[in-house]
1. Between residues in the stretch 57-78 that are more than 15 Å from Leu91 (Cβ to Cβ) and residues that are among the polar types (S, T, N, Q), which pairs lie under 6 Å by C-beta distance while being six or more apart or on different chains?
2. Give the residue, chosen from Ser62, Ser7, Ser72, that is of a type in the set (S, T, N, Q), part of a loop (DSSP other than H, G, I, E, B) and either touching a strand residue (DSSP E or B) at 6+ places or on another chain (Cβ under 9 Å) or modelled with pLDDT of 95 or more (or both).
3. Yes or no: the stretch 87-101 includes at least one residue that is free of Cβ contacts under 8 Å to residues at least 40 places away in the same chain, part of a strand (DSSP E or B) and either under 19 Å from Gln29 (Cα atoms) or touching a Cys at 6+ places or on another chain (Cβ under 7 Å) (or both).
4. Take Val112 and tell me if it is modelled with pLDDT of 60 or more and either among the basic types (Lys, Arg) or surrounded by 13 or more Cβ atoms within 10 Å (Cβ to Cβ) (or both).
5. If a residue must be surrounded by fewer than 13 Cβ atoms within 10 Å (Cβ to Cβ) and within 17 Å of the chain's Cα centre (by Cα), how many such residues does the stretch 33-65 contain?
6. Given the condition in contact with a Ser or Thr (Cβ under 9 Å, 6 or more places away or on another chain), of a type outside the set (Ser, Thr, Tyr) and either at negative phi or at pLDDT 90 or above (or both), answer yes or no: does some residue in the stretch 117-126 qualify?
7. Would you check if there is a residue in the stretch 36-50 being without any contact (Cβ under 8 Å) to a residue 40 or more places away in the chain, within 25 Å of Lys86 (Cβ to Cβ) and in a loop (DSSP other than H, G, I, E, B)?
8. Checking Leu61 against (1) in contact with a Phe, Trp or Tyr (Cβ under 7 Å, 6 or more places away or on another chain); (2) closer than 27 Å to Leu120 by Cβ, which single condition isn't satisfied?
Amino acid sequence: MAASEISKETRPPYDGLFGDSNHIRVIRQVIADPFTKYRPIDLEMLTKNCAPTVRESLRILSSLGLLIKDESDHQHPVYRVNTESKRYLALTFLAYAVLDDRNGTDCMDDVVADYYDSELRERYEPCEVGETYEHNQPVTGAEMTYQSVIRNEHLEESY
């Protein structure tokens, strides 16, 4: 059976890149819907894993900082994805990469570009003289020269 013929239900998480463990099934679920608040029983049903397996996965993912545990109700803890985690970001990018490889699309490129525009552009793109960097340090003439070289502004037309 070709990979494209495998149904969504039988396809392993991340197309089998990390195997097909119960722990990976929990990761796939929380990454697929990172803004949902999860109770262990919800993940048991969604991943078709038993309670001890889900609890162990939640413990591990919380200790790694991928999930945040809300214990305001000790009997029924709630977990949410730590969307500030670099691991969350990497797993999200990986999920798009798997889709792109499988479907021949460019979804990951769009997501990476959006992330760059919203989170990194100000940190890594050159500033003009008089503007400030992230740490409110004014741009000096030497930095402007370096930045103009990056943008090829130092090249003049010579005809």
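1. Final answer for the pair search is Ile68/Asn82; Lys69/Ser62.
2. Answer to the check: Ser72.
3. No, the conditions are met nowhere in the stretch 87-101.
4. yes
5. 3
6. Yes: one or more hits.
7. No, the stretch 36-50 contains no residue that is without any contact (Cβ under 8 Å) to a residue 40 or more places away in the chain, within 25 Å of Lys86 (Cβ to Cβ) and in a loop (DSSP other than H, G, I, E, B).
8. (1)
The values are calculated or read from the model by the stated rules, or taken from the named source; none is laboratory data. Since the model is a prediction, treat every value here as computed from it, not as a measurement. No Cβ is skipped: glycine too gets one built from the backbone with ideal geometry, and neighbour counts run over all protein chains shown.
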